[in-house]
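This report concerns only the one structure given below.
The values are calculated or read from the model by the stated rules, or taken from the named source; none is laboratory data. Predicted model only: the values in this text are computed from it and were never measured. In this analysis, Cβ positions are derived from the backbone assuming ideal geometry, glycine residues included, and neighbour counts consider all displayed protein chains.
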Amino acid sequence: MQITLLAHTPNPDELVAAAARICYRDTTAAELLQGEEENLSRKLIAELFASGHTSTFEHVSFTFGIDGLSRVASHQLVRHRLASFSQQSQRYVKMTPDSEAVVVPPSVKANPEALTIYQDAVRTSQEAYAQLIALGIPKEDARFILPHGHSTRLVLTMNARELHHFFGLRLCRRAQWEIHELARQMLALCREKAPVLFENAGPSCIFGRCGEARTCGKPYRDMEELLRETE
Ligand SMILES: Cc1cc2nc3c(=O)[nH]c(=O)nc-3n(C[C@H](O)[C@H](O)[C@H](O)COP(=O)(O)OP(=O)(O)OC[C@H]3O[C@@H](n4cnc5c(N)ncnc54)[C@H](O)[C@@H]3O)c2cc1C
């Protein structure tokens, strides 16, 4: 899986702080933004987060290129209705029949016998796809035979409020491993551009309480542990 930050709102931390200040000051937004650019108020952003005044976060958005995510995970991703998506179409793009085209779960990779079964099944489905295409079956129909784990490409945009919501759900240890890894990489990229806005982000356990009915019992100790790549 490869995640690229394609674009983001300039000066995200400063813009959110300026947007919040417009609620309480009789001056122009441009002047407030300039003031924040000269001296960003980290305290203000922390207060917005703590008080739930997070509509201010909606002024900032991040756009990612996502390559090599399985359609299993993209199906979960597109459930996030406040995000914007453009996804590679299997109606129009012919799928490449190679071993890299299908995501292999770590549990399968770690078990040689399971890996052989998995790779054989993938090869069979890819051969059937190629045969159907050769018979003149349209791509949009031939694709029905492809595995659920087939990789896809997307462009994804979320505003910072939705990103916080997404990180809260998908960085939970109980989230599915692939979307968890996607969220981890996205958070790392967001923190590079908006360190204050994303200083605190993630599942509820990182804030000291678990919101899950069936807790994993292993709360994250800190952001460093949350952002560490899983083996
Ligand atoms: C661990 C886990 C397991 C899951 N298991 C399943 C499962 O088994 N089956 C399944 O179908 N789904 C499952 N889901 C998906 C889940 O039900 C949500 O569809 C998905 O997480 C998107 O969350 P959301 O609706 O909060 O987010 P978004 O769609 O991103 O919405 C963000 C927030 O906006 C508000 N909002 C958005 N749309 C509306 C609306 N129409 N009305 C009112 N408020 C709205 C809500 O406050 C919402 O939380 C699972 C999710 C997780 C994290």
Exercise for the section: Return a yes/no flag: does the stretch 161-172 have any residue that is modelled with pLDDT under 95, over 12 Å from the mean Cα position of the chain (by Cα) and within 16 Å of the ligand (Cβ to nearest atom). Expected result: yes
Practice task
Within the stretch 64-121, track down each residue that is closer than 18 Å to H180 by Cβ and of a type in the set (S, T, N, Q).
Solution key: S70, S74, Q76, S107
Fill in the blank from the handout: All conditions in (1) more than 16 Å from the ligand (Cβ to nearest atom); (2) β-branched (V, I, T); (3) farther than 26 Å from P10 by Cβ; (4) crowded, with 19+ Cβ neighbours inside 10 Å are true of V196 except (3)
Exercise for the section: Could you please give the count of residues in the stretch 173-189 that are of a type in the set (S, T, N, Q) and within 15 Å of the ligand (Cβ to nearest atom)? Expected result: 1
Problem - Test for E229: is it at pLDDT below 95, closer than 19 Å to D67 by Cα and either surrounded by fewer than 16 Cβ atoms within 10 Å (Cβ to Cβ) or within 13 Å of the ligand (Cβ to nearest atom) (or both) - result: yes
Completion exercise
Picking from V78, V103, V60, the residue that is in the same structural domain as M158 (by TED's automatic domain parsing) and in contact (Cβ under 8 Å) with a residue 60 or more places away in the chain would be V60
Handout entry: Segments classed as helices (runs of 4 or more DSSP H), wholly inside the stretch 149-231, with at least 2 members that are in the same structural domain as V72 (by TED's automatic domain parsing) and in contact with a strand residue (DSSP E or B) (Cβ under 9 Å, 6 or more places away or on another chain)
Key = 160-170, 177-193
Handout entry: Selection from the stretch 67-83 of residues that are more than 16 Å from the ligand (Cβ to nearest atom) and among the charged types (D, E, K, R)
Key = D67
Completion exercise
Only unsatisfied item for N111, checking (1) outside the structural domain of S41 (by TED's automatic domain parsing); (2) of a type outside the set (K, R); (3) modelled with pLDDT of 95 or more; (4) touching a helix residue (DSSP H, G or I) at 6+ places or on another chain (Cβ under 8 Å), is (4)
Exercise for the section: Examine the stretch 84-103 for a residue that is closer than 30 Å to R21 by Cα, surrounded by 12 or more Cβ atoms within 10 Å (Cβ to Cβ), at pLDDT 95 or above and within 16 Å of the ligand (Cβ to nearest atom), and state whether such a residue exists. Expected result: yes
Handout entry: Selection from the stretch 136-160 of residues that are more than 15 Å from the ligand (Cβ to nearest atom) and of a type in the set (S, T, Y)
Key = S151, T152
